[in-house]
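Chemist: Sharing a structure here in structure tokens format.
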């Protein structure tokens, strides 16, 4: 199976983040997304009249509420919506007639409909997305008709692939899928009990993710300004991140957490493998 981390970015944006209409996380995702768009497109709003009732929403609050309510109808993640608007700004989104969609700095739901529907069409016609989702469907978003036996077999296959990777000292991008399994087995106790250690490991991994994204010609997750701010943050050892970087910082942290889990799980399985080898050696060792 293709390494999850090596999938095309168009697939990663869809599978690594909560949907905007998710019951548990959708509300907060929509709020964060709307604020990011306001910042990204440098939107301007009329101020709230000084003599207005304190319970009345300001023009910006009203626009954000309407936009958030509208986008919940889409089966998209915040990262996909951000990418859709970036493509629109770069004149890379076309309507059904082949005309370039114009993006303006506002939260118009008419514009949102044009941009998001164009992005959905773009995804549907993109073979990288179609093929990537087909390969991951049983793993990350199993259909209801899949029997428990098939689901168990898929998980068994992934576990075998992880075992083979460990045995042959090869990386495995889906190790993190077995994080809960390892914890239930009693693994990673010292790590989980040490908050300082967790913080250090996460910070180190965030640096690695940032450096990896900076090496790309164009990062799918961060713009040049965000990457520059991350560099300054880590180089100065600051404890605070700029207000307009909060959501980008949380995204970087989320990506790092997944990779930390991947490393921890792989390391745990590696220790189990070496332990088993030593036991076999001692058992067969001549007296």
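Chemist: Where does helix 195-215 land angle-wise versus the long Cα axis of the chain, in degrees 0 to 90, nearest 10?
Modeler: Between helix and principal axis, roughly 70 degrees.
Chemist: Roughly speaking, what is the stretch gain from residue 62 to residue 99, that is 0.36 nm per residue apart minus the C-alpha to C-alpha distance, in nm to one decimal?
Modeler: 10.3 nm
Chemist: Can I ask one more? Mind checking the full-extension length gain between residue 275 and residue 110? Use 0.36 nm per residue of separation minus the Cα-Cα distance, one decimal, nm.
Modeler: 53.3 nm
Chemist: Can I ask one more? Can you give me the angle between helix 26-40 and the longest principal axis of the chain, using Cα atoms only, in degrees from 0 to 90, rounded to the nearest 10?
Modeler: 60 degrees
Chemist: Please find the FRET efficiency linking residue 90 to residue 130, where r is the Cβ-Cβ separation and R0 is fixed at 25 Å, and quote it to the nearest 0.05.
Modeler: Step by step, r from the Cβ atoms, then E = 0.65.
Chemist: In a GNM of the chain with a 10 Å cut-off on Cα contacts, which of 85, 273, 119 has the highest mean-square fluctuation?
Modeler: 273
Chemist: Mind telling me which of 29, 80, 208 comes out most flexible in a GNM of the chain, alpha-carbon contacts under 10 Å?
Modeler: 208
Chemist: Across bins of 5 angstrom width beginning at 0, how are the C-alpha pair distances of the chain distributed, in whole percent?
Modeler: 1, 4, 9, 12, 14, 15, 13, 10, 8, 5, 3, 2, 1, 1, 0, 0, 0, 0, 0
Chemist: If the elastic network links every pair of Cα atoms under 10 Å, which of 82, 100, 257 fluctuates the most in the Gaussian network model of the chain?
Modeler: Judging by the Gaussian network model, the answer is 100.
Chemist: Between residue 45 and residue 192, what is 0.36 nm times their sequence separation minus the Cα-Cα distance? Round to one decimal in nm.
Modeler: Answer, rounded to one decimal: 48.3 nm.
Chemist: Once both axes come from the Cα atoms, what is the angle between helix 127-140 and the longest principal axis of the chain, in degrees from 0 to 90, rounded to 10?
Modeler: With both axes taken from Cα atoms, the answer is about 60 degrees.
Every number here is computed from the coordinates shown, using simple stated rules; none is lab data. Because the structure is a prediction, the values reported are computed rather than measured. Cβ atoms come from the backbone with ideal geometry, glycine included; neighbour counts cover every protein chain shown.
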